[in-house]
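Here's the structure, in structure tokens; my notes come after.
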Amino acid sequence: MSAPAVIVDRLNVSFGSSHVVRDVSFEVAEGESYGIVGESGSGKSTVLRVLAGLNQEWGGAVTIFGKAQPKVRDKAFHRAVQMVFQDPYGSLHPKKTLDDALAEPLAIHGIGDAERRIARALSDVGLPSAFRYRYPHQLSGGQRQRVAIARALVLEPTLFLLDEPTSALDVSIQAEVLNLLQALRQERKLTYILVSHDLAVVGHMCERLMVMQHGQCVEEMSAATLSARKPETAYAQALLVASEGFRRQG
Amino acid sequence: MSQAVTPLLEVDNLKVNFHTPTGIVRAVRGLSFSLGRERLGIVGESGSGKSMTGRAILDLIPYPGEVLADRMLFRGEDLLTMPKATRRKLRGRRISMVMQDPKFSLNPVMTVGDQIAEAYRVHHKANAREARERTLTMLEAVQIREPERVYALYPHEVSGGMGQRVMIAMMLIAEPDILIADEPTSALDVTVQLQVLKILDDLVTSRSMGLIFISHDLHLVQSFCDRVIVMYGGKAMETMPASELADPSAMARRHPYTLGLLGCLPELGKPKGKLSTLTRDPEWLA
Ligand SMILES: Nc1ncnc2c1ncn2[C@@H]1O[C@H](COP(=O)(O)OP(=O)(O)OP(=O)(O)O)[C@@H](O)[C@H]1O
Ligand SMILES: Nc1ncnc2c1ncn2[C@@H]1O[C@H](COP(=O)(O)OP(=O)(O)OP(=O)(O)O)[C@@H](O)[C@H]1O
Ligand SMILES: [Mg+2]
Ligand SMILES: [Mg+2]
């Protein structure tokens, strides 16, 4: 077996006096897709931000592709590891057209052939090329999220950190984006860590997943356990029940 | 239900156009509906005009957008012809909207608690201490743990789901007659989502609020709403009782677009290699 792509060992993160990630450990194999689900505010995005090198205050050990990660990462790292953010508005510059947004990472990393790569990334996420000169405010919420995914794709990363990549998307675009992510993973042996609160999406995309609550990992399980609705902890079971929809009492 | 009374909202032939250098974008093309004291769901794909419908009701369509309608009545009063100042007063107080991008709609340099408190004081006579207390109660109501701590956080310091609940708290504190909630729970985990929906549900039943619930979560809309409008390309494809949305025995009556949407969903316990995607028919917009 190849070495794990990601090893997180007793990760801890605090903001001032609040301890938001507590002793979280997990491993993700190369080419695997690993899910993180759990309570809102339980530290899921924070874990991804630490992995992406966007958060410099943390304790514990993070190893990515066999290399122990320092707090500050180098340029090669920021090309190989891409994150798609939960909040599509926040991750796009309001005064830059889509074309600028996609050309910028290519320029930073000195990658040529921008024209072709941008056109391909836009078509991969199902955006018409006529959108290239639009600004973020001229797009719907789901269209903005697709730009964010396209922007990560142009760099052809090997580890993809996906924070609720489809929660702003309608189901048809979600299906297109999920199919695209699956195909890319097979073609290019990519490794994914996917945060989502949609258990069906995690069950569809991931082999294993972790459930977080109060900054801790409360359970790790296989997708098969999830699909069979047989988790061990009460919290994971409550999530499954809640995912069945709204029930009006009385 | 006694629905003989004037509806809260009546919209006839609503159109939203954007005049751009490359041509007219028709975001909403002739939508008509009415809203009673009920939960009305709007579903439909990205770009189908859901948010623009909500914004048009509030008169918040950004430049260069234009809103046209034959009629747009709020409790029988004509929104289109009333003075701008009167309409502005309705906004936030009588008709509120929880925007789709919560963090973008918040002021980045003011704590989230102060923003909610300010919203309260705009609409109610209250001193700073009362407003603060109402705010903390509201944060607790939307299931925020440690409301005191969160009160003092800036928007960039709250998680995605906390941001959404802050927005909901801010819109509900004014006790509006109509709440337009644009993907209000898309960033919440499923248990918190149900708790937040319970609050909205109580407001509809106990305070007779009218709720327009924009969402792409078909199962949630089916289980939560009374009626649902399915939108595509700025038009309503069909309107139906929400319980029929994914009801197998009602499938024969469903619009092909609605069936297409349902087919795209991944399902727990029913592994699918590749998800189906939509094949769109130009006839739908004819
Ligand atoms: N810069 C910051 N300053 C202070 N607290 C922060 C900061 N960033 C995050 N937090 C806190 O850390 C906790 C975890 O946040 P995080 O965004 O990781 O949650 P999450 O699991 O992604 O939640 P959600 O599902 O709602 O997105 C929250 O309580 C949040 O308020
Ligand atoms: N300023 C603008 N200029 C041109 N077109 C615009 C502008 N703002 C919005 N649009 C277009 O109007 C259409 C409707 O947008 P709207 O935001 O209502 O979609 P939506 O149904 O809410 O989608 P989503 O589910 O992705 O949020 C979209 O195709 C969008 O690109
Ligand atoms: Mg998050
Ligand atoms: Mg929208």
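Observations
- Helices (runs of 4 or more DSSP H) (entirely within the stretch A:144-236) containing at least 2 residues that are crowded, with 22+ Cβ neighbours inside 10 Å, without any contact (Cβ under 8 Å) to a residue 12 or more places away in the chain and hydroxyl-bearing (Ser, Thr, Tyr): none
- Residues satisfying the stated conditions in the stretch B:135-165, i.e. more than 11 Å from ligand 1 (Cβ to nearest atom) and not polar (S, T, N, Q): B:Leu136, B:Met138, B:Leu139, B:Glu140, B:Ala141, B:Val142, B:Pro147, B:Glu148, B:Tyr151
- Restricting attention to the stretch A:177-206 and to residues that are under 20 Å from A:Ala148 (Cβ atoms) and out of contact with any Ser or Thr (no Cβ under 9 Å at 6 or more places or on another chain), the residue that is nearest to the other protein chains (Cβ to nearest Cβ) turns out to be A:Ala183.
- Lone unmet requirement of (1) under 18 Å from B:Gly47 (Cα atoms); (2) at pLDDT below 90; (3) within 11 Å of another protein chain (Cβ to nearest Cβ) for A:Arg134: (2)
- Some residue of the stretch A:32-52 being more than 30 Å from A:Ile173 (Cβ to Cβ) and surrounded by fewer than 19 Cβ atoms within 10 Å (Cβ to Cβ): no
- Within the stretch B:203-214, none of the residues are of a type outside the set (Phe, Trp, Tyr), facing another protein chain (nearest Cβ under 10 Å) and within 16 Å of ligand 3 (Cβ to nearest atom).
- Options B:Val230, B:Val192: the member that is of a type in the set (A, V, I, L, M) and more than 9 Å from chain A (Cβ to nearest Cβ): B:Val230
- Every residue from the stretch B:174-186 that is crowded, with 23+ Cβ neighbours inside 10 Å, β-branched (Val, Ile, Thr) and more than 10 Å from chain A (Cβ to nearest Cβ): B:Ile180
- Strands (runs of 3 or more DSSP E) fully within the stretch B:187-277 counting 1 or more residues that are touching a Ser or Thr at 6+ places or on another chain (Cβ under 6 Å), crowded, with 23+ Cβ neighbours inside 10 Å and not β-branched (Val, Ile, Thr): B:227-232
- Consider the stretch B:200-214 and keep the residues that are over 17 Å from B:Lys50 (Cβ atoms) and small (Gly, Ala, Ser). The one that is nearest to ligand 4 (Cβ to nearest atom) is B:Ser208.
- All conditions in (1) away from chain A (no Cβ under 14 Å); (2) at pLDDT 95 or above hold for B:Lys125, with the sole exception of (2).
- The residue pairs whose first member lies in the stretch A:21-43 and is of a type in the set (Lys, Arg), whose second member is within 11 Å of ligand 1 (Cβ to nearest atom), and whose beta carbons are closer than 9 Å, counting only pairs six or more residues apart or on different chains, are A:Arg22/A:Val13; A:Arg22/A:Gly43; A:Arg22/A:His214; A:Arg22/A:Gly215.
For (1) aliphatic (A, V, I, L, M); (2) farther than 30 Å from A:Gln143 by Cβ, each residue gets a yes or a no:
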{"residue": "B:Ala27", "(1), (2)": "yes, no"}
{"residue": "B:Ile42", "(1), (2)": "yes, no"}
{"residue": "B:Pro64", "(1), (2)": "no, no"}
{"residue": "B:Met82", "(1), (2)": "yes, yes"}
{"residue": "B:Arg87", "(1), (2)": "no, no"}
{"residue": "B:Lys103", "(1), (2)": "no, no"}
{"residue": "B:Thr111", "(1), (2)": "no, yes"}
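- Of residues in the stretch B:146-163 being of a type in the set (Gly, Ala, Ser) and away from ligand 2 (no atom under 16 Å from the Cβ), the one surrounded by the most Cβ atoms within 10 Å (Cβ to Cβ): B:Gly161
- A single member of A:Val13, A:Val50, A:Val84, A:Val24 is within 9 Å of ligand 1 (Cβ to nearest atom) and either within 26 Å of A:Thr166 (Cα to Cα) or hydrophobic (A, V, I, L, M, F, W, C) (or both), and it is A:Val13.
- Residue, farthest from B:Val5 (Cα to Cα), within the stretch B:19-37, restricted to residues that are within 13 Å of chain A (Cβ to nearest Cβ) and at pLDDT 95 or above: B:Ala27
- Among the helices (runs of 4 or more DSSP H) confined to the stretch A:1-119, the ones with at least 2 residues that are over 16 Å from the mean Cα position of the chain (by Cα) and either over 29 Å from A:Ala200 (Cα atoms) or within 14 Å of chain B (Cβ to nearest Cβ) (or both) are located at A:75-80, A:98-108.
The values are calculated or read from the model by the stated rules, or taken from the named source; none is laboratory data. Please read these numbers as outputs of a predicted model, since none were measured by experiment. Positions of Cβ are generated from backbone atoms using ideal geometry, with glycine treated the same way; all protein chains shown enter the neighbour counts.
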